[in-house]
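The values are calculated or read from the model by the stated rules, or taken from the named source; none is laboratory data. Values in this document were obtained by computation on a predicted structure and should not be read as measured data. Cβ atoms come from the backbone with ideal geometry, glycine included; neighbour counts cover every protein chain shown.
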Amino acid sequence: MNKHGKNYIVPILTIIIGIGWLLNVQGVIPDVNWVWICMLATIGILTISVGILDKFKFVVGFFLIACSVCSILRQTGKLTFEQEVPVLTILFGILLLFVQIMKLPNPEFMKVDDDEQKEE
């Protein structure tokens, strides 16, 4: 996504908050906090789609999307907290494995400068 595309992030997040809020007020699947679920999923999707996909964005983005799905399952009684945490831990490990297999690039904050490599 280019510089101008990043200008859409705040409006999109605002719309998603409104949608989640409306779903809560309308009682769509009562006892589900739609604002929280929509925010997790949206931030996950935006993390993956903004800029160049790297190891960090892949893991964090898909993990947040999985957290939103698990949150729905927990809030509807299909998954207990005791099950949710191990499931998310396993998924986190799988995502870490995928980024190694897929050979995604390291994020900018993990890259070593040429000057630092020479010192080592």
- [ ] Determine, yes or no, whether Phe92 is in contact with a Phe, Trp or Tyr (Cβ under 7 Å, 6 or more places away or on another chain), surrounded by fewer than 17 Cβ atoms within 10 Å (Cβ to Cβ) and not polar (S, T, N, Q).
- [x] yes
Task: Residue list for the range 62-86, restricted to those being closer than 27 Å to Val50 by Cα and aliphatic (A, V, I, L, M) - done: Leu64, Ile65, Ala66, Val69, Ile72
Open item on the list: Of the residues Asn106, Asn7, only one is exposed (fewer than 13 other Cβ atoms within 10 Å of the Cβ), touching a residue at least 12 places away in the same chain (Cβ under 8 Å) and not small (Gly, Ala, Ser); which?
Closed with: Asn106
- [ ] Name every residue in the range 81-120 that is of a type in the set (Val, Ile, Thr) and modelled with pLDDT of 95 or more, in order of residue number.
- [x] Val85, Val87, Thr89, Ile90, Ile94
Task: Test result for Asn24, free of Cβ contacts under 8 Å to residues at least 12 places away in the same chain and touching a helix residue (DSSP H, G or I) at 6+ places or on another chain (Cβ under 8 Å) - done: yes
Open item on the list: For the condition under 22 Å from Ile90 (Cβ atoms) and either under 16 Å from the mean Cα position of the chain (by Cα) or surrounded by fewer than 18 Cβ atoms within 10 Å (Cβ to Cβ) (or both), what is the one hit in Gly18, Gly27, Gly61, Gly51?
Closed with: Gly61
- [ ] Would you check if there is a residue in the range 53-61 being of a type in the set (D, E, K, R) and within 18 Å of Ile9 (Cα to Cα)?
- [x] yes
- [ ] Tell me, please, whether a residue that is out of contact with any strand residue (DSSP E or B) (no Cβ under 8 Å at 6 or more places or on another chain) and under 21 Å from Leu23 (Cβ atoms) can be found in the range 47-65.
- [x] yes
TODO: Report, by residue number, each residue of the range 64-92 that is more than 15 Å from the chain's Cα centre (by Cα) and hydroxyl-bearing (Ser, Thr, Tyr).
DONE: Thr76, Thr80
